[in-house]
Amino acid sequence: MSIQWFPGHMNSTRYAIKERMKAGLDVVIELLDARLPGSSRNPLLAQLTQGKPTLKLLNKQDLADPARTTEWLAHYNAMPDTRAIGLDASITAPAKALMSACRELAPLRGGMAKPLRVLICGIPNVGKSTLINTLMGKRAAKTGDEPGITKVEQKLVLENDFYLFDTPGMLWPKIVVPQSGFNLAASGAIGRNAFVEEEVAVELLAYLRQHYAAQLQERYKLEIAPELSDEELLEQLGRKRGAVLSGGRVNLQKAAEILMYEFRQGTLGRITLETPAEFDRWVLLGEQEELRRQEAAAERKRLRRSG
């Protein structure tokens, strides 16, 4: 299954970022989900803001695996013109760290004559509106647990010489890394009409049983036997949580919803669904498969013309 989701307002966001670049921009803040720091990085944003220093904010780090967060921060901090820091709900004053990192990335900007112009972007439902409200100390942006809450660009003044431009959450037109699609769906970044919960839950279970089996067993009292398929494990989870229909059949839809909800809420514990090495491998495989699709499509087109 290939998961894709690019509503019309996201195309408007792409246009707004292009216009912001033309008007002048000094630093780009990209808010990432610390539980999927590779999959939540937008390759389209890198194209649109090419050449600008970038601050990667790994948000929700309190829900993520601490060791893997350290690994991802090192990965991004090793990139040129890039800083990476972690954020979580326990940090009550993130503005100081954020502004300090931005000023380090653009040391020649600052003061009323040359105010620092910063664009903040992120995938849907990554916590950007909540962060902005914390930065501003008031309800400056709408928040919610569904993707696509912010619809228009906002200009926010954090200090007299620090302008923050907020844009709606944006994915990219084609997700070529299948595992990224599953991880984004599991995190809540993709609208529910774009995927089947059971399929995403099975993929999530497959990863969790390999890397976080102890947390699965502790939460759901599962017997994770090697001979059990991921589908059978989801059925077992449903029985443990009472998602049973008349006749003793398991409601797999309900079981899938339980698993994804508890992953999103952090009930399963601190989990990260990818490492830098895993993600790099997924990207390579995805790009190779996309190239094969393009070559096959070109060959079909050539045969139609010649026939």
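The values are calculated or read from the model by the stated rules, or taken from the named source; none is laboratory data. Just so you know, these numbers come straight off a predicted model, no measurement behind them. Note that each Cβ is placed from the backbone with ideal geometry, even for glycine, and that neighbours are counted across all protein chains shown. What goes into the accessible areas is simple: the full protein's heavy atoms, side chains included, and nothing from ligands, DNA or RNA. Shrake-Rupley method; radii C 1.70, N 1.55, O 1.52, S 1.80 Å.
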note = Subset of region 23-59, residues over 13 Å from Ser180 (Cα atoms), part of a loop (DSSP other than H, G, I, E, B) and either of a type outside the set (A, V, I, L, M, F, W, C) or modelled with pLDDT under 95 (or both), comes to Gly24, Leu25, Asp26, Thr49, Gln50, Gly51, Lys52, Pro53
task = Answer yes or no as to whether Arg20 is in a strand (DSSP E or B), surrounded by fewer than 21 Cβ atoms within 10 Å (Cβ to Cβ) and among the charged types (D, E, K, R).
result = no
Meets criteria (open to solvent by 10 Å² or more (accessible area, probe 1.4 Å) and modelled with pLDDT under 90) for Ile85 = no
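Can you name every residue in region 156-190 that is at pLDDT 85 or above, open to solvent by less than 30 Å² (accessible area, probe 1.4 Å), of a type outside the set (D, E, K, R) and assigned to a loop (DSSP other than H, G, I, E, B)? Before the answer, list the steps.
Let us first name the residues in region 156-190 that are at pLDDT 85 or above, namely 156-166, 175-190.
Now drop any that are not open to solvent by less than 30 Å² (accessible area, probe 1.4 Å), which leaves 156, 161-162, 164-166, 175, 177, 180-190.
If we keep only those that are of a type outside the set (D, E, K, R) as well, we get 156, 162, 164-165, 175, 177, 180-190.
Ile175, Val177, Gly188, Ala189, Ile190, listed by residue number.
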key: Top-ranked residue of region 192-226 - restricted to ones that are over 25 Å from the mean Cα position of the chain (by Cα) and buried (at least 18 other Cβ atoms within 10 Å of the Cβ), ranked as nearest to Glu257 (Cα to Cα)   = Tyr220
key: Residues located in region 227-251, provided they are at negative phi and open to solvent by less than 60 Å² (accessible area, probe 1.4 Å)   = Leu228, Ser229, Asp230, Leu233, Leu234, Gln236, Leu237, Gly238, Ala243, Val250, Asn251
remark   = When Lys96 is run through (1) in a helix (DSSP H, G or I); (2) surrounded by 18 or more Cβ atoms within 10 Å (Cβ to Cβ); (3) over 19 Å from the mean Cα position of the chain (by Cα), the failure sits at (2)
ask   = Restricting attention to region 111-134, does a residue exist that is surrounded by fewer than 18 Cβ atoms within 10 Å (Cβ to Cβ), touching a residue at least 60 places away in the same chain (Cβ under 8 Å) and either farther than 29 Å from Gly191 by Cα or out of contact with any Phe, Trp or Tyr (no Cβ under 9 Å at 6 or more places or on another chain) (or both)?
value = no
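Matching residues to (1) surrounded by 13 or more Cβ atoms within 10 Å (Cβ to Cβ); (2) under 16 Å from the mean Cα position of the chain (by Cα):
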| residue | (1), (2) |
| --- | --- |
| Glu262 | yes, no |
| Gly266 | yes, yes |
| Ala277 | no, no |
| Trp282 | yes, yes |
| Glu290 | yes, no |
| Ala297 | no, no |
| Leu303 | no, no |
request  = Quickly run through region 99-109 and pick out the residues that are touching a residue at least 40 places away in the same chain (Cβ under 8 Å) and surrounded by fewer than 17 Cβ atoms within 10 Å (Cβ to Cβ).
outcome  = none
request  = State whether the residues of region 67-86 include one that is in contact (Cβ under 8 Å) with a residue 60 or more places away in the chain, within 28 Å of Tyr212 (Cβ to Cβ), of a type in the set (A, V, I, L, M, F, W, C) and not in a helix (DSSP H, G or I).
outcome  = no
